[in-house]
1. Anything in region 128-155 that is touching a residue at least 12 places away in the same chain (Cβ under 8 Å) and either on the phi > 0 side of the Ramachandran plot or polar (S, T, N, Q) (or both)? List them, or say none.
2. Take the conditions assigned to a helix (DSSP H, G or I), within 16 Å of the ligand (Cβ to nearest atom) and surrounded by 16 or more Cβ atoms within 10 Å (Cβ to Cβ) and apply them to residue 71. Does it pass?
3. Looking only at region 134-159, which residues are more than 16 Å from the ligand (Cβ to nearest atom) and either closer than 27 Å to residue 194 by Cβ or part of a strand (DSSP E or B) (or both)?
4. Collect the residues in region 138-161 that are β-branched (Val, Ile, Thr) and surrounded by fewer than 18 Cβ atoms within 10 Å (Cβ to Cβ), keeping them in residue-number order.
5. Can you find a residue that is buried (at least 17 other Cβ atoms within 10 Å of the Cβ) and under 13 Å from the mean Cα position of the chain (by Cα) anywhere in region 24-34?
6. Which one of the conditions (1) closer than 16 Å to residue 183 by Cα; (2) crowded, with 24+ Cβ neighbours inside 10 Å does residue 9 fail to meet, given that it meets all the rest?
7. Report, by residue number, each residue of region 42-54 that is crowded, with 21+ Cβ neighbours inside 10 Å and either outside any loop (DSSP other than H, G, I, E, B) or away from the ligand (no atom under 16 Å from the Cβ) (or both).
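Nothing in this text is a laboratory measurement; each read-out follows from the coordinates by a stated rule. Keep in mind the model is a prediction, meaning the values are calculated, not measured. Glycine also receives a Cβ, built like all others from the backbone with ideal geometry; neighbour counts cover every protein chain displayed.
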Amino acid sequence: MTDVKIGVLAVQGDFAEHIDRLHEMGIEAGEVRLPAQLDDIDGLIIPGGESTTITRLLDIYDLREPIRALGDAGLPIWGTCAGAIVLAKTASDLDRPNLGLMDIDVRRNAFGRQVDSFEEDLAVEAFGPPAFHAVFIRAPLIDRAGAAVDVLARLPDGGIVAVRQGSLLATSFHPELTPDPRFHRLLADLAAERRRGRRSRGAAAAGG
Ligand code: GLN
């Protein structure tokens, strides 16, 4: 049992699958729809769905600025598919601003429309073998990753589909739809690290 709480942005998209996966792993997880629900989390997932809808709802629910500020302050955040689009610096064909937290440029629907879903076994060096079986659904491609961004996985043709920038993660695919827990584990580990850091800072501030 990991002593962290992960919030899953639950305004649209497949947040329930992420929450189920985290619960299966024994990790506390809850829906985030209100700014106050960001207060006690150690990590956040922005799920797949429709990035135009999610960015619109971020404004309606007053979540854009609090999430951006938390990401800036080091809260581990992982965006899957539409979530990766929301985290990116720039995204093609997006009708409103995204969070711009990660130094990546993404191309929405880079593989075509709905029919263009596919699966691929990805070698993820940070995890080691076996390959990560990845499901892509109307996925974005990461066209550019800045100097501070580590590329975690590429398609066989070299296209970037998973990246990490400090405590921020983005994947073009949907690890919540396959049984492999390694990306969820990575986020939980980053969340645990942050929680420990905050506790020791809190103890130092309290003179303990
Ligand atoms: N095509 C969607 C978008 O652009 C993302 C699809 C997904 O999250 N599965 O937002």
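1. Within region 128-155, the subset touching a residue at least 12 places away in the same chain (Cβ under 8 Å) is 132-155.
Within region 128-155, just 138 meets the criteria.
2. Working: assigned to a helix (DSSP H, G or I): yes; within 16 Å of the ligand (Cβ to nearest atom): no; surrounded by 16 or more Cβ atoms within 10 Å (Cβ to Cβ): yes.
Spelling it out, it is not the case that residue 71 is assigned to a helix (DSSP H, G or I), within 16 Å of the ligand (Cβ to nearest atom) and surrounded by 16 or more Cβ atoms within 10 Å (Cβ to Cβ).
3. Scanning region 134-159 gives 144, 145, 146, 147, 148, 149, 150, 151, 152, 153, 154.
4. If we filter region 138-161 for residues that are β-branched (Val, Ile, Thr), which is where we start, we get 142, 149, 151, 160-161.
Hit for region 138-161 is 151, nothing else.
5. No - not one qualifying residue is present in region 24-34.
6. Failed condition: (1).
7. Initial filter on region 42-54 (crowded, with 21+ Cβ neighbours inside 10 Å): 42-49, 51, 54.
Across region 42-54, the qualifying residues are 42, 43, 44, 45, 46, 51, 54.
For (1) in contact with an Asp or Glu (Cβ under 9 Å, 6 or more places away or on another chain); (2) within 13 Å of the ligand (Cβ to nearest atom); (3) without any contact (Cβ under 8 Å) to a residue 40 or more places away in the chain, each residue gets a yes or a no:
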position	(1), (2), (3)
94	no, yes, no
101	yes, no, no
108	yes, yes, no
116	no, yes, yes
126	yes, no, no
